[in-house]
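This report concerns only the one structure given below.
The values are calculated or read from the model by the stated rules, or taken from the named source; none is laboratory data. From a predicted model like this one, the values you see are computed outputs, not experimental measurements. Positions of Cβ are backbone-derived with ideal geometry, glycine not excepted, and every protein chain shown enters the neighbour counts.
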Amino acid sequence: MKRLFNLILLATVFSCSLTAQTLDEVTKSYNEAVVGANEKPAETLTTLMALLPKAEALGDEAAEITGKITGMLPTLQYNTARMAHDKKDINGAIVGFEKTVELSEKYDNPDMAKQVNDQLPMLYYTQGSAKLKAKDRDGAMSAFNKALAMDANYARAYYGISKAFRGQSMDSVLYYTNKAIELAGADSKEATGYKKGARITTSKEAAKVAKAGKNQEALAMYEKALMYTAAGDEKNLSKYNYKIAKIYQGMGKTADACAAYGKVKDAKYAESAKYEMKEKLKCN
């Protein structure tokens, strides 16, 4: 019986010694890992992620180290994502920030999660724009919709979708453009850019359908181009009115042609408009 007791005592001492040694090792690994964490967040993150299960396995006696590790993980992931962003690796940054949100939610860091969620819509928009430039329309639409899923009032994402529909559906182009203008504020600098894009798109479409002999469609598109033209942009106002007048003139609609020519003020088109009104149409 005494021998059995001694064996149990020896096993207990050995077990405590092993646990203490393991805790020392975990503590040492942690201290070594966090040196230079700001300069090498990705490496530190990988090391601490591997160390966390070992700390958790030790239970309460390693609770302090476990807490330190879990407290650092979201920040390390965020810094890793920021480094990718600074290198213009948008796809890598997005993956990193999405992982930051996961870690922040898992380890109770709501401030970090909010900070990242506020940034992700812009990154999705940037990603969508890059995909659109690369002719990946489906990828662009997916990215723009991810931005809207996080911020339903994000005007840029709506405008991105409008660009993705160019050459596909003018109705969709104009719907999403108008939504972007509404959310940006009709008189804002941002909305001015959206209107310019819509003006150029509708005028190009008007020219295309006019060339195909689709006069009514061309007239409708030029009217929309006028709608998106700034009040003081006399050059483009005159240009589109001149185009409208020409179409009406070709259709034999003299009164409508005269009315449109009468709105032409810019010097580039004014003399020609006056000639058509006076010499050909005999406008009153």
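Those residues that are in a helix (DSSP H, G or I) and of a type in the set (Asp, Glu), I need them from the range 99-142; list them, please.
102, 105, 111, 118, 138
One residue alone among 140, 147, 157 is buried (at least 21 other Cβ atoms within 10 Å of the Cβ), farther than 30 Å from residue 48 by Cβ and in contact with a Ser or Thr (Cβ under 8 Å, 6 or more places away or on another chain), and that residue is 140.
Residues are listed down the side, and each one gets a yes or a no for (1) in the same structural domain as residue 283 (by TED's automatic domain parsing); (2) without any contact (Cβ under 8 Å) to a residue 60 or more places away in the chain; (3) over 15 Å from residue 170 (Cβ atoms); (4) in contact with a Phe, Trp or Tyr (Cβ under 7 Å, 6 or more places away or on another chain):
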position	(1), (2), (3), (4)
198	no, yes, no, yes
206	no, yes, no, yes
213	no, yes, yes, no
222	no, yes, no, yes
226	no, yes, yes, yes
237	yes, yes, yes, no
240	yes, yes, yes, yes
243	yes, yes, yes, yes
251	yes, yes, yes, no
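Note on the range 260-273: residues that are in contact (Cβ under 8 Å) with a residue 12 or more places away in the chain and either hydrophobic (A, V, I, L, M, F, W, C) or loosely packed, with under 15 Cβ neighbours inside 10 Å (or both) total 8. Pairing residues of the range 64-85 that are under 15 Å from residue 104 (Cα atoms) with residues that are basic (Lys, Arg), at Cβ distances under 9 Å and at least 6 apart in sequence or on separate chains, gives 70/106; 73/106; 74/106; 77/99; 80/99; 81/99.
Filtered by the rule that a residue be within 9 Å of the chain's Cα centre (by Cα) and not polar (S, T, N, Q), the range 126-151 gives 128, 143, 144, 146, 147, 148. Among the residues of the range 165-191, those that are loosely packed, with under 14 Cβ neighbours inside 10 Å and under 21 Å from residue 222 (Cα atoms) comprise 167, 168, 169, 171, 186. Among the residues of the range 65-113, those that are of a type in the set (Asp, Glu) and under 23 Å from residue 126 (Cα atoms) comprise 86, 89, 98, 102.
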